[in-house]
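K.L.:
Please read through the structure below; I'll follow up with questions.
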Amino acid sequence: MVNTPSTMMPIGTRAPDFKLHEPATNKTWTLADFRSPTLVVMFICNHCPFVVHVRDEITRLAREYGAKGVDFVAVNANSIESHPQDGPEHMAALVRELGWKFPFLFDETQQTAKAYHAACTPDFFVFDRERALFYRGQLDDSRPSNGKPVTGADLRAAVDAAIAGRRTPVDQKPSIGCNIKWKPGNEPEYYTAFISSRKTG
């Protein structure tokens, strides 16, 4: 496990399109299927301890803000060759277990993760009504080992600002989590650059 930060894609970047399968319903989703003025895209998976640590808060956030008209979608891009516990059948089981009403999509080719410059699980992105990137980074300051409570404070503040049409939050901190489990030879340049910097830093 490599503690990996968000790449912090430039604010204002347009949300990349995608066409991904939802194991729980066998439905295919594209970016155009999400019509709310505010969209939250989350890169997560089943097994990562950083994701497990915040799953209940993700559930609460989606329920509370879904009632306010915010769309949520989660994407799992992990290779199931190395991590079969993140496979589609396990994704569907987790959706049933937690009662998620938002789609949990499988990025088998990992091309969507690359398009969003996703690096870790969890990695959060908020897009405004023009589908321009409004926020990217952490859920809050809590990590599995630091003893801080899981509040969702950073993501909540960002979504509240997007709903209200306020300016993009200035203080945006990268998320930290397990690295996305890239297929051998499929690692994006931004991830290999990060690994190289750790070796030389």
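K.L.:
Looking for something closer than 27 Å to residue 130 by Cα, among the small types (Gly, Ala, Ser) and in contact (Cβ under 8 Å) with a residue 60 or more places away in the chain - is there at least one such residue anywhere in region 153-161?
P.N.:
No; the residues of region 153-161 include none that is closer than 27 Å to residue 130 by Cα, among the small types (Gly, Ala, Ser) and in contact (Cβ under 8 Å) with a residue 60 or more places away in the chain.
K.L.:
Here's something else I'd like to know. Take the conditions assigned to a helix (DSSP H, G or I), in contact (Cβ under 8 Å) with a residue 40 or more places away in the chain and among the aliphatic types (A, V, I, L, M) and apply them to residue 118. Does it pass?
P.N.:
Criteria not met by residue 118.
K.L.:
Of all residues in region 168-201 being of a type in the set (Val, Ile, Thr), out of contact with any strand residue (DSSP E or B) (no Cβ under 9 Å at 6 or more places or on another chain) and assigned to a helix (DSSP H, G or I), which is surrounded by the fewest Cβ atoms within 10 Å (Cβ to Cβ)?
P.N.:
Per the criteria, the residue is 200.
K.L.:
Can you find a residue that is out of contact with any Lys or Arg (no Cβ under 7 Å at 6 or more places or on another chain), in a loop (DSSP other than H, G, I, E, B) and within 16 Å of residue 7 (Cα to Cα) anywhere in region 145-167?
P.N.:
No; the residues of region 145-167 include none that is out of contact with any Lys or Arg (no Cβ under 7 Å at 6 or more places or on another chain), in a loop (DSSP other than H, G, I, E, B) and within 16 Å of residue 7 (Cα to Cα).
K.L.:
Moving to a separate point now. Report yes if residue 4 is assigned to a strand (DSSP E or B) and surrounded by 15 or more Cβ atoms within 10 Å (Cβ to Cβ), otherwise no.
P.N.:
Yes; evaluated as a whole, the condition is true for this residue.
K.L.:
Which condition number does residue 67 fail, the rest of (1) free of Cβ contacts under 8 Å to residues at least 60 places away in the same chain; (2) in contact with a Ser or Thr (Cβ under 7 Å, 6 or more places away or on another chain) being met?
P.N.:
(2)
K.L.:
May I pose another question? Taking residue 57 as the residue in question, decide whether it is in contact (Cβ under 8 Å) with a residue 60 or more places away in the chain and farther than 23 Å from residue 114 by Cα.
P.N.:
yes
K.L.:
Also, quick follow-up: Scan region 184-192 and give yes if some residue there is within 26 Å of residue 87 (Cβ to Cβ) and touching an Asp or Glu at 6+ places or on another chain (Cβ under 6 Å), otherwise no.
P.N.:
Taking every residue of region 184-192 in turn, none turns out to be within 26 Å of residue 87 (Cβ to Cβ) and touching an Asp or Glu at 6+ places or on another chain (Cβ under 6 Å).
K.L.:
Sort out which residues of region 62-102 are polar (S, T, N, Q), part of a loop (DSSP other than H, G, I, E, B) and exposed (fewer than 14 other Cβ atoms within 10 Å of the Cβ), and write them in order of number.
P.N.:
82
K.L.:
Okay, moving on. Could you tell me whether region 126-135 includes any residue that is surrounded by fewer than 11 Cβ atoms within 10 Å (Cβ to Cβ), assigned to a loop (DSSP other than H, G, I, E, B) and of a type outside the set (Asp, Glu)?
P.N.:
No, region 126-135 contains no residue that is surrounded by fewer than 11 Cβ atoms within 10 Å (Cβ to Cβ), assigned to a loop (DSSP other than H, G, I, E, B) and of a type outside the set (Asp, Glu).
K.L.:
Somewhere in region 83-92, is a residue without any contact (Cβ under 8 Å) to a residue 24 or more places away in the chain and under 29 Å from residue 161 (Cα atoms)?
P.N.:
Looking through region 83-92, none of the residues is without any contact (Cβ under 8 Å) to a residue 24 or more places away in the chain and under 29 Å from residue 161 (Cα atoms).
K.L.:
Here's another thing I want to ask about it. What number of residues in region 12-43 are surrounded by 15 or more Cβ atoms within 10 Å (Cβ to Cβ), over 17 Å from the mean Cα position of the chain (by Cα), small (Gly, Ala, Ser) and under 17 Å from residue 128 (Cβ atoms)?
P.N.:
1
K.L.:
So for region 102-114 (the condition being among the basic types (Lys, Arg) and either within 20 Å of residue 182 (Cβ to Cβ) or in contact with a Pro (Cβ under 8 Å, 6 or more places away or on another chain) (or both)), does at least one residue qualify?
P.N.:
Within region 102-114, one or more residues are among the basic types (Lys, Arg) and either within 20 Å of residue 182 (Cβ to Cβ) or in contact with a Pro (Cβ under 8 Å, 6 or more places away or on another chain) (or both).
Every number in this text was worked out from the coordinates using simple rules, so none of it is lab data. Everything numeric here is computed off the predicted structure, so don't read it as measured data. Glycine gets a Cβ as well: all are built from the backbone with ideal geometry, and neighbour counts include every protein chain shown.
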